[in-house]
1. Could you tell me how many of the residues in region 186-229 are modelled with pLDDT under 65 and either β-branched (V, I, T) or more than 19 Å from G149 (Cβ to Cβ) (or both)?
2. Checking A134 against (1) in a loop (DSSP other than H, G, I, E, B); (2) at pLDDT below 75; (3) not hydroxyl-bearing (S, T, Y), which test does it fail?
3. Write out, first by first residue and then by second, each pair whose Cβ atoms fall under 8 Å of each other, whose residues are 6+ apart or on separate chains, and whose first residue, in region 207-221, is within 12 Å of G239 (Cβ to Cβ) while the second is part of a helix (DSSP H, G or I).
4. Restricting attention to region 269-322, which residues are in contact with a His (Cβ under 7 Å, 6 or more places away or on another chain) and more than 30 Å from R336 (Cα to Cα)?
5. Would a scan of region 259-266 turn up a residue that is outside the structural domain of K64 (by TED's automatic domain parsing), part of a loop (DSSP other than H, G, I, E, B) and either loosely packed, with under 14 Cβ neighbours inside 10 Å or touching a Phe, Trp or Tyr at 6+ places or on another chain (Cβ under 8 Å) (or both)?
6. Being charged (D, E, K, R) and either modelled with pLDDT of 80 or more or crowded, with 20+ Cβ neighbours inside 10 Å (or both) narrows it down to one of E112, E101, so name that one.
7. Anything in region 270-323 that is more than 30 Å from the chain's Cα centre (by Cα), surrounded by fewer than 14 Cβ atoms within 10 Å (Cβ to Cβ) and among the β-branched types (V, I, T)? List them, or say none.
Amino acid sequence: MNVDEIKEVEISDFFKMCEDEGVYQIETPDGWKDINFLVRKKNKKCYNLILEDGVELSCSESHKILTTDGWVESKDVNENIDCVVTKNGNIKIVGKSYIGEMDTFDLQVDSEESRYYSNGIVSHNCGKSLVCKAISGYWNMPLLRLDFGKLFGSLVGDSEKNAREAIRLAEAVAPAILWIDEIEKAISGVRSSGQSDGGTTSRVLSTFLTWMQEKTSSVFVVATANDQEAIPPEFLRPGRFDEIFFVDLPYLDERVEILEVHLKRRGLNPKKFDLHSIAVRGEGYSGAELEKAITEAMVVGFRDKRRVIKTKDIIDAMATFKPLSVMREGDFEGIREWAETRCRKANAVYKEKVEMGSGEKELDL
């Protein structure tokens with residue numbers, strides 16, 4: 001909302017307001033926070049969720065909401081089990097229905113985990129966009145977002161012309177980062193292009209692929225995807241996208257660092273905790289789930305005469321919920337298996353067990 005005025009608006013109306021410029025904020029669990037950018041997503045599969053108190057939320061399939069078991073995408077919500085975290089406490093989901101493809105909007109907010117209230121429900125986006133922004137900030141380069149949907153025109157030749165113009169503009173502001181969001185959606189019709197649109201999609205993508213292969217300007221292309229298996233191999237070969245990065249669940253040393261960060265954020269001294277023991281117990285937990293364990297422990301401490309929490313409180317809190325890697329073990333293993341020979345591991349430390357004589361050793365690679 002505008003900092004001088006507070007009111008409720010539909011997200012589509014809010015997008016138009018942002019296009020007219022101005023400083024706007026949105027309510028988050030951490031107070032009112034600035035909106036850094038708002039991105040329109042075209043033709044996203046959407047679901048409508050109904051809570052026990054009558055509140056409804058229509059959102060994209062990849063929109064993440066906070067449940068009592070951690071962050072869950074709306075398409076994976078179980079209306080018979082899940083309870084969502086809202087401004088008014090934990091409330092059960094009683095209904096879920098697919099409502100078709102619609103335009104949706106992603107927010108980037110200066111709050112913890114970029115979370116915000118959407119119809120009073122704690123929400124956030126997947127974070128792929130934040131990676132692109134982080135690269136832009138770290139390299140001190142402008143970030144350009146390419147919306148493939150807007151390249152296609154109604155007249156013959158318009159689409160190819162728009163593609164060439166987009167490339168020209170990107171090269172004009174080089175050095176820059178060109179971000180293609182949800183690339184699998186853009187190329188989803190390429191295999192049937194000859195029958196569906198006279199080959200227009202194939203020609204546009206061919207123009208872009210040739211440019212990626214031959215470009216000499218300092219334009220760094222970053223693409224995000226929700227379904228990596230939907231991307232054709234010609235897009236992924238070296239010379240176009242040189243690297244595919246896979247971020248696994250945090251390893252032991254990384255879990256220790258994550259715990260340190262979240263304890264410091266809450267005014268707690270990490271040196272007073274046995275972080276190694278907590279990290280060992282937290283195997284399979286994501287960074288968000290480790291944070292949840294800390295906040296759960298703090299709630300217990302507050303109820304117990306507002307005492308300062310201890311190591312045991314956090315370990316006990318972990319026993320109250322299962323990490324997503326356990327609840328959806330098959331999905332995690334499938335992604336890991338796919339990434340094993342296709343991706344560069346982006347975790348700070350990669351540990352591999354190898355057979356050495358009578359026992360196993362761990363090597364830091």
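1. 3
2. (1)
3. Filtered contacts from region 207-221: L209/E234; L209/F235; W211/I167; K215/E171; V221/M212.
4. none
5. Looking only at region 259-266, we keep the residues that are outside the structural domain of K64 (by TED's automatic domain parsing), and these are 259-266.
Now drop any that are not part of a loop (DSSP other than H, G, I, E, B), which leaves 266.
Now restrict to residues that are either loosely packed, with under 14 Cβ neighbours inside 10 Å or touching a Phe, Trp or Tyr at 6+ places or on another chain (Cβ under 8 Å) (or both): 266.
Yes, because at least one residue in region 259-266 is outside the structural domain of K64 (by TED's automatic domain parsing), part of a loop (DSSP other than H, G, I, E, B) and either loosely packed, with under 14 Cβ neighbours inside 10 Å or touching a Phe, Trp or Tyr at 6+ places or on another chain (Cβ under 8 Å) (or both).
6. Details: E112 fails: either modelled with pLDDT of 80 or more or crowded, with 20+ Cβ neighbours inside 10 Å (or both).
Residue meeting the stated conditions: E101.
7. V308
The values are calculated or read from the model by the stated rules, or taken from the named source; none is laboratory data. Quick caveat: nothing in here was measured; it's all calculated off a predicted structure. For neighbour counting, all protein chains shown are included, and Cβ atoms are generated from backbone atoms with ideal geometry for every residue, glycine included.
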